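K.L.:
Starting off with a structure, shown below.
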Amino acid sequence: MGTSFESSSAVFILPENSSRSEGQILKLKHPKDNQTCLAYLSLESKSLNELLYLKEKHVSWFVGDHVLGDTKLSIGTPLDPTFMIIPYLLKNVDKYSPLGQILVDEKYPSAIHLEDLLSESDLSLVADIKPSLDKIIKFNKEKTLNWLSGKVSKVASAMKKCGISPGFNSTLSDEEYTRYACGIVSDYINSSLSVDLQDRLGIQLSVDNSECEKPAKKPKLSSTNDHDACKPAKNSVPKGKEKAPKRKAQKQLAPVNTKGMKSMSSFFKKVETK
């Protein structure tokens with residue numbers, strides 16, 4: 001990660017190659033659901049980073065000699081711009097068009113910057129290209145699925161190499177790694193293309209809980225007092241947790257006859273006041 005820098009309302013943490021050069025924040029269409037997402041474009045390195053915001057109450061950040069209070073933390077993660085043009089290519093599946101024309105978007109005018117981030121070799125991974133200076137292209141589904149399959153393979157290999165294991169299961173099979181990697185890649189393509197990718201890989205993302213352990217759910221945060229609802233019923237024993245057997249010392253204490261012994265309370269008498 002590179003160093004952080006400040007803006008009027010946020011602190012940004014970006015990769016090293018992006019933090020050392022000037023850039024701008026772009027408002028783009030997310031390739032999965034066409035909703036708005038923000039990305040940081042590094043003008044020098046020609047790299048794109050998706051911005052993920054973390055907003056918490058009562059948080060301050062030390063930036064240089066300044067303390068910034070109540071400020072959002074924005075983390076930039078590298079984003080392949082090829083993903084970002086796929087929604088636009090899907091609107092022109094039957095004809096060749098110049099990339100600059102395909103990327104014209106009234107709602108997201110910043111999309112035109114994607115043209116400068118993609119070379120012809122990048123575009124050839126997901127489209128057919130006509131020899132021209134204007135990057136005249138047409139969507140190619142077969143190429144796109146091959147490219148996405150390669151992405152899944154790289155993510156799965158990286159997870160396996162780094163020992164990243166979703167949930168508590170540390171012995172995932174290659175197929176399970178592929179399934180999780182496909183889920184990650186599918187976060188950047190629409191549902192229809194995700195289904196086609198699963199068919200290409202011979203997997204399904206919707207698996208039964210018994211096949212692979214899933215991460216434990218985090219406690220639900222709420223402003224209401226629902227602690228009592230989380231408590232087990234009185235005198236109940238949770239399933240799978242039977243009463244532990246008594247130790248040897250406990251068994252020896254159990255048959256002691258307490259008949260004739262005074263209770264502890266008999267040693268303490270109430271003092272009478274005159």
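K.L.:
In debye, nearest 20, what is the charge dipole magnitude of segment 67-189 about its Cα centre with +1 on Lys and Arg Cβ and -1 on Asp and Glu Cβ, if you could check?
P.N.:
200
K.L.:
Going by accessible area, probe 1.4 Å, with all protein chains left in place, what is the ranking of His30, His113, His66, largest first?
P.N.:
His66, His113, His30
K.L.:
Any chance you could run the full-extension gain for Lys143 through Val59? It's 0.36 nm times the residue separation minus the Cα-Cα distance, nm to one decimal. Numbers along the way, then the final one.
P.N.:
Numbers: separation 84, 0.36 × 84 = 30.24 nm, distance 4.63 nm.
Result: 25.6 nm gained on full extension.
K.L.:
Show Trp61, Trp147 ordered by accessible area, largest first, where the area counts protein heavy atoms only and the probe is 1.4 Å. Write out the running numbers ahead of the final one.
P.N.:
On the way: Trp61 75, Trp147 30 Å².
Most to least solvent-accessible, the answer reads Trp61, Trp147.
K.L.:
I've got another one for you. Can you list residues whose amide H is under 5 Å from Ile13's amide H, if they're 5+ apart or on another chain and H is modeled 1.01 Å from N?
P.N.:
Ser74, Ile75, Gly76
K.L.:
Could I ask something else about it? Where the only charges are on Cβ atoms (+1 Lys, Arg; -1 Asp, Glu), what is the dipole of segment 52-112 about its Cα centre, to the nearest 20 debye?
P.N.:
160
K.L.:
At most 11 other Cβ atoms within 10 Å and a DSSP loop assignment: could you name the GluC sites (Glu not before Pro) in segment 106-139 that fit?
P.N.:
Filter output for segment 106-139: Glu106.
K.L.:
State the extension gain, in nm to one decimal, for the chain segment bounded by Ile129 and Lys160, taking 0.36 nm per residue of separation less the distance between their alpha-carbons.
P.N.:
7.6 nm
The values are calculated or read from the model by the stated rules, or taken from the named source; none is laboratory data. Note that the coordinates shown come from a computational prediction; the quantities given were computed from them, not determined experimentally. Positions of Cβ are backbone-derived with ideal geometry, glycine not excepted, and every protein chain shown enters the neighbour counts. Side chains included, ligands, DNA and RNA excluded: accessible areas come from the protein's heavy atoms. Shrake-Rupley method; radii C 1.70, N 1.55, O 1.52, S 1.80 Å.
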